[in-house]
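Student: I have a structure I would like to understand better, so I am pasting it below and will then ask my questions one at a time.
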Amino acid sequence: MFLEVRASNEAALVLYVGRGFHQVGVWRHYYDQPREDARVLQLTLATGGGGGMPEIDDSDGGQHMRRQR
C-alpha cells in the first residue's frame, strides 16, 4: 500500500511510521498552495492467513469473490 503526505506534516508522518509505513521516495513540488514536496510511504500488507481481503474466484469467470481461508 502506498500513500503520500506533505513533507511538513510531521503529525501524519509520526502516525504512519508508527503503523509500519516507511519512506520509499519523494515527489518534488507535488502539492500546490503552498508548493511542497510529498513523501511517498509504503506499507507491505500481510498475505494469507484467516480472514483478510476477498480474493477473486475465477471458477465463474470472476463474477463473485470469496473470503480467504
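Student: Tell me which strands (runs of 3 or more DSSP E) are completely within region 1-62 and hold 3 or more residues being at pLDDT below 95, or say none if there are none.
Tutor: 54-57
Student: Within region 1-43, which residues are within 13 Å of the chain's Cα centre (by Cα) and of a type in the set (D, E)? Spell out the reasoning first.
Tutor: First pass over region 1-43, keeping only residues within 13 Å of the chain's Cα centre (by Cα): 1-5, 16-17, 19-24, 39-43.
Within region 1-43, just E4 meets the criteria.
Student: Something else: Could you list, in sequence order, the residues of region 21-42 that are free of Cβ contacts under 8 Å to residues at least 24 places away in the same chain and either in contact with a Gly (Cβ under 6 Å, 6 or more places away or on another chain) or loosely packed, with under 15 Cβ neighbours inside 10 Å (or both)? Can you show your working first?
Tutor: To start, the set of residues in region 21-42 that are free of Cβ contacts under 8 Å to residues at least 24 places away in the same chain comprises 21-29, 32-35.
Listed by number, the residues that qualify are H22, Q23, V24, G25, V26, W27, R28, H29, D32, Q33, P34, R35.
The values are calculated or read from the model by the stated rules, or taken from the named source; none is laboratory data. Source: prediction; values computed, not measured. For neighbour counting, all protein chains shown are included, and Cβ atoms are generated from backbone atoms with ideal geometry for every residue, glycine included.
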